[in-house]
Amino acid sequence: MSGELVVVATPIGNLGDVSTRARDALASTDVICCEDTRRTRQLLSALSIRAAGRLVAVHEHNEAQRAVEIVGWVTDGKRVCLVSDAGTPAVSDPGSRVVAAVADAGLRVTTIPGPSSAIAALTVSGLGTDRFCVEGFLPRRGPARRAILAALGTDPRTVVIFESPQRVAATLRELADSLGDRRAVVARELTKLHEEILRGTLSQLADRLIETEVRGEIVVVVEGAEEMAEATDETILAALADERAAGASVRDAATRVATSLAASHRRVYELALMSRREAND
């Protein structure tokens, strides 16, 4: 009998959200790979499932090494379930390396879908759901954080961000400063007893939470940028001329104009080169 890797979603708070398929899979599988064996042991106990020596820790520090072992187990015909501490594995949680390794080996990977804090927060946000992105936890500081905030400044998709309760107010303020005062939702303790959904603009939410002792798991959902009409060549050339008159190089001018007008960088750069050639003729 061929083996398989099963990605199993587990409750993000309310134990009643565990599916019958997830319960059956965890009860019958050969190996359960989990982010924290203590947390998963508690879950299994609550579901009246015996761990029976089947738990193996797979976390951010050992996932690459464990992936090799898991490929071996599946190759040998074992059924391996992959879970995280809560929600869906590999979504801002360990698991993606394991899934990729098993799939690259040509072995079966399947899923038992279920709870996800990102999707749960998005669906109650009241913001756009046709197009969205999950950024997870933003880089703490430095160029990587600034680059993501700059990209989100012109991205029309709704964005889902995870944040710690200690930093959420400061992050909301930074998002307001970087993206503009967009509509947003802070979802706290989803599916749990003290679930709370806060709505407002980024600055309103920052002001509200800066004076509050925030606790629990936090998901922030932010409205996407307003979609701009495609810029004409004339508009781009005029903006390039302004940048060049201010002393910007061709490359820097193209980058700034492409960002400000949400236009293709390649298109803007080609127009910038054309404009320079014409000026030199």
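Pairs of Cα atoms nearer than 8 Å and 6+ residues apart set the relative contact order; for the chain it is 17 percent. Among the GluC sites (Glu not before Pro) within region 212-281, those in coil by DSSP and having at most 15 neighbouring Cβ atoms inside 10 Å are Glu213, Glu226, Glu227, Glu230. Comparing Gln166, Gly114, Leu149 along the charge dipole axis of the chain, the residue lying farthest to the positive side is Gly114, per the Cβ-charge model. Placing a pseudo-label 7 Å from each Cα along the Cα-to-Cβ vector at Asp181 and Ala64 gives an inter-label distance of 4.6 nm.
Here the simple spin-label model places points 7 Å from the Cα toward Cβ, and for Asp24 and Arg215 these points are separated by 3.9 nm.
Distances between placed amide hydrogens fall under 5 Å for Thr111 paired with Val7, all partners being 5 or more residues away or on another chain. When +1 charges are put on Lys and Arg Cβ atoms and -1 charges on Asp and Glu Cβ atoms, the dipole computed for region 105-236 relative to its Cα centre reaches about 660 debye.
Helix-only arithmetic for the chain: the sum of -39500 (n - 2.57) across DSSP H runs with n ≥ 4, divided by the residue total, places the mean residue ellipticity at 222 nm at -13500 deg cm²/dmol.
Here the chain is treated as an ellipsoid with the same Cα gyration tensor; its semi-axes, largest first and in whole Å, are 44, 25, 15. With q set to 0.20 Å⁻¹, the log10 of I(q)/I(0) for region 163-281, from the Debye formula over equal scatterers at the Cα positions, is -0.94.
Separation of region 1-64 and region 163-192, taken as the distance between their Cα centroids, equals 31 angstrom. For region 189-281, the list of trypsin sites (Lys or Arg not before Pro) that fall in a loop by DSSP and count at most 16 other C-beta atoms within 10 angstrom reads Lys192, Arg215.
Quick one: Cα convex hull volume of region 233-280, Å³ per residue?
Numbers: hull volume 2.9 nm³, N = 48.
Normalising the Cα hull of region 233-280 by residue number yields 61 Å³.
With the largest listed first and rounded to whole Å, the semi-axes of the equivalent ellipsoid of region 118-222 from the Cα gyration tensor are 19, 16, 13. Legend: Rg and Dmax of region 4-115, from Cα coordinates, 12.6, 36 Å.
Where a number appears in this text, it was derived from the coordinates with a stated rule and is not lab data. Note that this is a predicted model, so its numbers are computed, not measured. Here the Cβ is made from the backbone with ideal geometry for all residues, glycine too, and neighbour counts use every protein chain on show.
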